[in-house]
Amino acid sequence: MLTTTKADNAYELALENFDAAADVLGLDNDTREMIKYPERVLTVTVPVRMDDGHIHRFEAYRVQHSSVRGPAKGGLRYHPQVTLDEVKALATWMTWKCAVVNIPFGGAKGGVTCDPKHMSQSELEHLTRRYTSAILPLIGPQQDIPAPDVYTNSQTMAWIMDTYSMTKGYAIPGVVTGKPISLGGSLGRNEATGRGVVYTILSACQHLHLPIKDATVVVQGFGNAGSIAAQLLHDAGAKVIAVSDSTGCVYNKDGLNIPELIHMKTLCGHVEGFPESEPIDAKQLLALDCDFLVPAALENTIHAENASAVRAKIVAEAANGPVTPAADRILESNGVFVIPDILCNAGGVTVSYFEWVQDEQHLFWEAQDVYNRLERVMKTAFRDVLKIHLEKKVPMRIAANMLGIGRVAEAVKLRGIYP
Ligand code: NAD
């Protein structure tokens with residue numbers, strides 16, 4: 001599933017998507033050379049004394065793809081299959097994503113190759129603190145601002161904020177986003193990605209004249225992004241008929257009780273065995289007849305071999321990079337409307353931007369304020385991408401990349417080359 005061979009290497013796919021959009025934009029070679037590749041790549045060794053007393057060495061990365069439009073911004077992933085190429089791909093997508101929603105950030109990403117499910121809280125804390133000290137030269141509220149991603153959360157951000165602040169001698173909440181509210185986090189950040197996904201689905205439904213009421217939904221990956229998107233779609237009157245996590249998939253043709261499923265996932269850590277559901281396998285889940293398919297797990301889950309089985313009307317990419325370029329072509333020819341990742345899941349980084357603004361101003365907003373501003377940003381971005389899609393007759397992904405890459409290209413041309 002993750003980046004193991006050249007054929008499914010996420011970074012190769014990110015570069016392929018860049019070239020496709022840059023070609024339609026008619027971007028000159030000099031500008032491509034300036035914006036296509038990461039500005040900085042840091043690989044660090046992170047030794048951690050484990051609970052049993054032995055020292056384990058973890059490999060970890062922080063990649064800053066771009067700081068052209070502002071501080072580099074991007075999440076931190078803990079996963080056994082994290083590779084440098086995966087982190088480079090995720091950092092690249094962050095650059096175009098921030099530009100699509102027009103927030104003044106560049107792109108970055110961090111990753112630690114580890115298995116957090118088999119680590120204690122204390123081991124995770126030591127890992128996070130040592131990783132933070134290893135990447136200290138790169139991060140800071142004006143330089144590079146980490147946030148949660150797969151298998152990291154607000155507690156991870158609190159440890160990073162504390163470690164960074166201790167080295168400076170005073171509290172610096174703006175060094176990370178996705179923090180606990182009591183440390184300068186923003187109301188609405190935890191559900192921002194899922195909420196943003198739903199705003200883009202609602203916009204797509206309006207465009208395609210599809211009703212949301214009783215629409216059927218399948219969600220792959222029931223973590224932060226996927227479970228909240230499922231909850232909000234359920235609240236909006238849609239029927240979530242299947243969801244999966246890393247342990248299994250559950251299905252009910254009449255709709256799953258999402259609040260109870262979230263409750264069970266929080267208590268037990270898995271969705272498998274949920275009452276009033278039947279188990280199905282991962283392959284069946286992607287091929288279910290539904291209105292919206294929401295991939296919300298990892299990269300490359302819809303690829304050349306399974307794309308033709310997808311029967312959804314809309315694929316809403318809550319995850320980063322879930323559809324390969326080969327699968328994109330198949331979905332396109334089958335008339336599936338794809339809401340690309342750098343648009344669909346941009347709600348997370350948008351509210352991260354709101355959090356950073358609040359931290360910088362020491363002035364905090366009401367939740368409704370956050371939701372209203374998020375809705376405005378997401379709907380404007382959707383409209384801008386749709387306009388390019390319709391006017392230039394290009395797929396939504398290319399349209400989104402054209403918007404993001406075009407904005408970064410304009411900024412780099414204005415700044416020129418240093419020295
Ligand atoms: P998370 O750790 O909260 O949840 C990940 C979920 O995916 C877990 O439920 C896990 O069990 C499940 N999963 C893992 N492997 C799976 C598999 N093979 N099949 C099905 N499910 C599987 O992570 P998250 O923050 O929700 O991130 C999910 C995706 O959304 C990632 O691609 C991430 O980059 C993207 N994303 C997250 C945010 C954010 O704010 N959290 C923002 C933008 C994009």
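Among the residues of the stretch 365-380, at least one is hydrophobic (A, V, I, L, M, F, W, C), part of a helix (DSSP H, G or I), within 16 Å of the ligand (Cβ to nearest atom) and more than 20 Å from ASN224 (Cα to Cα).
Restricting to the stretch 358-368, count the residues that are surrounded by 14 or more Cβ atoms within 10 Å (Cβ to Cβ) and either modelled with pLDDT under 95 or within 23 Å of the chain's Cα centre (by Cα) (or both).
Number of matching residues: 2.
Of everything listed in (1) more than 21 Å from GLY106 (Cα to Cα); (2) touching a helix residue (DSSP H, G or I) at 6+ places or on another chain (Cβ under 9 Å), the single unmet condition for CYS205 is (2).
Residues that are surrounded by fewer than 20 Cβ atoms within 10 Å (Cβ to Cβ) and either within 16 Å of the ligand (Cβ to nearest atom) or not β-branched (Val, Ile, Thr) (or both) within the stretch 169-186 comprise GLY169, TYR170, ALA171, PRO180, ILE181, SER182, LEU183, listed in sequence order. Scanning the stretch 189-198 for residues that are in contact (Cβ under 8 Å) with a residue 40 or more places away in the chain and open to solvent by 10 Å² or more (accessible area, probe 1.4 Å) gives ARG189, GLU191, THR193, ARG195.
Apart from one condition, VAL218 fits all of (1) open to solvent by 10 Å² or more (accessible area, probe 1.4 Å); (2) at negative phi; the exception is (1).
So is TYR164 open to solvent by 10 Å² or more (accessible area, probe 1.4 Å), assigned to a loop (DSSP other than H, G, I, E, B) and of a type in the set (Ser, Thr, Tyr) or not? No, not satisfied. Counting only helices (runs of 4 or more DSSP H) wholly contained in the stretch 216-291, the ones carrying 2 or more residues that are more than 13 Å from the ligand (Cβ to nearest atom) occupy 224-235, 258-268.
The single condition among (1) open to solvent by less than 20 Å² (accessible area, probe 1.4 Å); (2) part of a loop (DSSP other than H, G, I, E, B) that PRO211 does not meet is (1).
Looking only at the stretch 290-321, count every residue that is without any contact (Cβ under 8 Å) to a residue 60 or more places away in the chain, closer than 19 Å to VAL150 by Cβ and of a type outside the set (A, V, I, L, M, F, W, C) and tell me the total. Going through the stretch 290-321 one residue at a time, the tally reaches 1. Taking the stretch 121-155 as the range and being assigned to a helix (DSSP H, G or I) and surrounded by fewer than 17 Cβ atoms within 10 Å (Cβ to Cβ) as the test, the residues that pass are GLN121, SER122, SER133, GLN155.
On the basis of being closer than 19 Å to ILE388 by Cα and open to solvent by less than 10 Å² (accessible area, probe 1.4 Å), does ILE302 make the cut? So ILE302 fails the test.
The values are calculated or read from the model by the stated rules, or taken from the named source; none is laboratory data. Quick caveat: nothing in here was measured; it's all calculated off a predicted structure. Positions of Cβ are backbone-derived with ideal geometry, glycine not excepted, and every protein chain shown enters the neighbour counts. Accessible surface is based on the protein model in full, side chains and every heavy atom, while ligands, DNA and RNA are left aside. Shrake-Rupley method; radii C 1.70, N 1.55, O 1.52, S 1.80 Å.
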